[in-house]
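Beneath this line is the structure, given in structure tokens, with notes to follow.
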């Protein structure tokens, strides 16, 4: 009973609150990093160095007027932000945050579920999130949201292919679809898969930028052309849900990158013996640190690179990344067969 | 017992949303009901222990194909209800024909079961929790030719779509 219900429930509550708080502070971090890159100070007024700014932001979003356009499809308009947010959050169910720990002498694995199809589960969940964006744009019954939604869904569908193909080459190396097995395979392998599959890592990262609508691929919400893209008509709490989902998705793709390519909860150089003293750091701390380094890369790229044009985006996806990913799979499979003889 | 409750709940939801798909006035709502329907079908696969098929069901049907339906429905203006066919009794006749065919099928199945109760499907394979490898093994050994034929079919469809969309190659 305790193993079946109580422990998973406690884990879910911890992960959920952790994700929500991380999202709040990720927004602050983004504003701060942008400010530092642009030689500004960023938010400074609420709390010392603006550390309480997220709380003020959330309060503002709660009390703002929640407007539903008159000509909107009311039910779908309300459902769309929920359809975007729920997949972004349930994807955390299969992410292994750390190795097994023992609490009061009871072994507790630091993941909510270890599905034998964990990686595919993330693909499946991500593909459902697209509906929220399309429906949000459609139900607003207004031209900019519709254009933004069409752009977003075309972009997401295109880059989903490239990202999923990089998963295939990782699966070829690890021999398993389970997220936990992928991490243990890297431990057995001696090096992180980032060194075994550098091309897959590159394609995954570019694809992840596009999948999360991040700069330089933030065309679905290109302010200069589309006002705010698919969520133009949203305000107040419903807008906040879209916002929350976007940042939660960023955390998901960073956590997946950490798990697949950067050894998940493993410490750096997991096979080097004289670094064993690093084992005193709890495994989940390594995971969080690595995830935040990947997240920082997202913020850094946003502050550095200008936006792509739409045709450039499509050309990059279909004519460069997908062929490269397929070639990578063929080479990986050939090397695997050659080594197994 | 628990499995039976889960099965009948899922089956009732699948049927209910199936009815909603064809009765919804708004085409976009109808497509959304179809997505929910597919998600419940994925639940049915989980109940059978076929997690791989469940996830593939979500990726391919709920997440892939229906998104394209949604595109078509959103871009083609379907606000106007379709005009009624000139022959008013056509619908009734079609309905009666379809239900007679279904009735005949049901009677045939019942009769077949009565005549040879044990014959029919081969016994199900023992499915371990890790059935990804099992599915892959079957696809590349016993079912290799159907698998390759299906992939050829998809390739032909893909080439056809490109030829149709791009007239000057």
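The table that follows gives values for the structure above.
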| read-out | value |
| --- | --- |
| Relative contact order [Cα under 8 Å, 6+ residues apart], the range B:1-70, whole percent | 30 percent |
| Exposure proxy ranking, count of Cβ atoms within 10 Å, fewest first, for A:221, A:211 | A:221, A:211 |
| Residue order, fewest to most beta carbons within 10 Å, for A:63, A:94 | A:63, A:94 |
| Relative contact order (%) - criterion: Cα under 8 Å, at least six apart; region: chain A | 22 percent |
| By average C-beta atoms within 10 angstrom, highest first, the peptides A:196-207, A:95-106, A:268-279 | A:196-207, A:95-106, A:268-279 |
| Nearest-ten-degree value, helix A:53-63 long axis tilted from longest Cα axis of chain A | 50 degrees |
| With Cα atoms, 0 to 90° folded angle of helix A:179-189 axis to chain A main axis | 40 degrees |
| Peptide-level mean, for B:26-34, of C-beta atoms on other protein chains within 10 Å | 2 |
| C-alpha long axis of helix A:143-174 to longest principal axis of chain A, angle in ° | 0 degrees |
| Ranked list, fewest to most other Cβ atoms within 10 Å of each Cβ, for A:71, A:302, A:151 | A:71, A:302, A:151 |
| Computed lengthening from residue A:161 to residue A:63, 0.36 nm per intervening residue step minus Cα-Cα distance | 31.3 nm |
| Fully extended contour minus Cα-Cα distance, from residue A:75 to residue A:51, at 0.36 nm per residue | 4.9 nm |
| Inter-part distance where the range A:141-175 and the range A:48-76 are each reduced to a Cα centre, Å | 28 Å |
| Label point at residue B:98 placed 7 Å out along Cα→Cβ; residues across the range B:16-56 whose backbone nitrogen lies under 15 Å | B:18-24 |
| Residue B:152 paired with residue A:292, simple spin-label distance in nm, labels 7 Å along Cα-to-beta-carbon | 5.7 nm |
| Where labels lie 7 Å past Cα in the beta-carbon direction, separation of residue A:6 and residue A:141 in nm | 5.2 nm |
| Estimated inter-spin distance, residue A:191 and residue A:40, nm [label 7 Å along Cα→Cβ] | 4.2 nm |
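Each value in this text was obtained by applying a stated rule to the coordinates, not by laboratory testing. A quick note: this is a predicted structure, and the numbers were derived from the prediction, not measured. Cβ atoms come from the backbone with ideal geometry, glycine included; neighbour counts cover every protein chain shown.
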